[in-house]
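Here's the structure we're looking at; comments come further down.
The values are calculated or read from the model by the stated rules, or taken from the named source; none is laboratory data. The model shown is predicted, which means the values in this text are computed figures rather than measured ones. Cβ atoms come from the backbone with ideal geometry, glycine included; neighbour counts cover every protein chain shown.
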Amino acid sequence: MFTGLIDAVGAVKETRRTDEGLTLKIAAPYKRLVKGESISVDGACLTVERTGAGWFSVHVVATSLARTSFASYGAKRRINLERALRVGDRLGGHLVQGHVDGVGEVVRVWQEQDARRVDLRVPAEVAAVSIPLGSIAVDGVSLTVEARPDPVIVRVSLIPYTLQHTTLGERQVGDQVHLEGDLIGKFVAALVERRERAK
């Protein structure tokens, strides 16, 4: 479980495709990582397989590749990282599982006063659980849905701190981002759907 509060920005050192998926070697400032630890990598919960001084490696299985844009990642790409939440930690963002629901596309970016507004075209399953002032994770970053200007568009605002401490400030029109819909919204939607089927 994660909070969507990014605690480091890393970079891809190298990628290696295999029959079983993709291995990413990631440069990161973390110390005392252990094998088997869970880390959110651009919003996807991945398991540390190997560690070294200033780096760790993770494996992305084929099913995860199909739900993410990891296959397009290359060396030097900067990525958002977050270590797993510990019992007793502050929950400053929102509950994020690290289960990417789908890939969205940046369709508009503009500056308005002190915030950068971003419109994202999102998959239907994410749109269904996204409401104004609700939560959404974008490349692992906990954000508030500012508006829904269109049934398939989610608008978010990026404050200066987010622009400085995550990779979201680098996203431009046409870029893809990992999305995770609000956990509570997904539970409510599933319960409503189950009730409707039972009628």
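If the requirement is being of a type in the set (Asp, Glu) and either under 10 Å from Asn80 (Cβ atoms) or modelled with pLDDT of 95 or more (or both), which of these qualifies: Asp7, Asp19? If you could, list the steps in order and put the result at the bottom.
Values: Asp19 fails: either under 10 Å from Asn80 (Cβ atoms) or modelled with pLDDT of 95 or more (or both).
Every option except Asp7 fails the conditions.
Would you call Ala84 touching a Gly at 6+ places or on another chain (Cβ under 7 Å) and in contact (Cβ under 8 Å) with a residue 60 or more places away in the chain? Walk me through it before giving the result.
Working: touching a Gly at 6+ places or on another chain (Cβ under 7 Å): no; in contact (Cβ under 8 Å) with a residue 60 or more places away in the chain: yes.
Judged against the criteria, Ala84 is not a match.
If you check every pair at least six apart or on different chains, which have Cβ atoms under 6 Å apart with a residue in segment 187-199 that is under 23 Å from Gln97 (Cβ atoms) first and a residue that is at pLDDT 90 or above second?
Going by the 6 Å Cβ cut-off, the qualifying pairs are Ala189/Ala128; Ala189/Val129.
In segment 177-199, which residues are surrounded by fewer than 17 Cβ atoms within 10 Å (Cβ to Cβ) and either assigned to a loop (DSSP other than H, G, I, E, B) or modelled with pLDDT of 95 or more (or both)?
Lys199
Within segment 76-110, can you find the residues that are more than 17 Å from the chain's Cα centre (by Cα) and modelled with pLDDT of 95 or more? Even if it seems obvious, please write down each step before you answer.
Pass one, segment 76-110, residues more than 17 Å from the chain's Cα centre (by Cα): 76, 86-90, 107-110.
Passing the criteria: Lys76, Val107, Arg108, Val109, Trp110.
For segment 14-72, give me every one of the strands (runs of 3 or more DSSP E) that falls completely inside it and has 2 or more residues that are in contact with a His (Cβ under 9 Å, 6 or more places away or on another chain) and not aromatic (Phe, Trp, Tyr). Don't jump to the end; show me each part of the working.
Details: elements: 21-27, 38-41, 44-52, 55-61.
Answer list for segment 14-72: 21-27, 44-52.
Please state which one of Arg77, Arg90 is closer than 21 Å to Gln164 by Cβ and either of a type in the set (Val, Ile, Thr) or crowded, with 16+ Cβ neighbours inside 10 Å (or both). Walk me through how you get there before you give the answer.
Values: Arg90 fails: either of a type in the set (Val, Ile, Thr) or crowded, with 16+ Cβ neighbours inside 10 Å (or both).
Within the list Arg77, Arg90, the selection yields Arg77.
Would you check which residues across segment 102-128 are of a type in the set (A, V, I, L, M), touching a Leu at 6+ places or on another chain (Cβ under 9 Å) and within 22 Å of Thr63 (Cβ to Cβ) and list them?
Matches in segment 102-128: Val103, Val122, Val126.
Just for segment 28-65: of the residues that are surrounded by fewer than 16 Cβ atoms within 10 Å (Cβ to Cβ) and of a type in the set (A, V, I, L, M), which one is nearest to Thr3 (Cα to Cα)?
Val34
Which condition number in (1) touching a residue at least 40 places away in the same chain (Cβ under 8 Å); (2) closer than 12 Å to Leu179 by Cβ; (3) not hydroxyl-bearing (Ser, Thr, Tyr) is the one that Leu158 fails?
(2)
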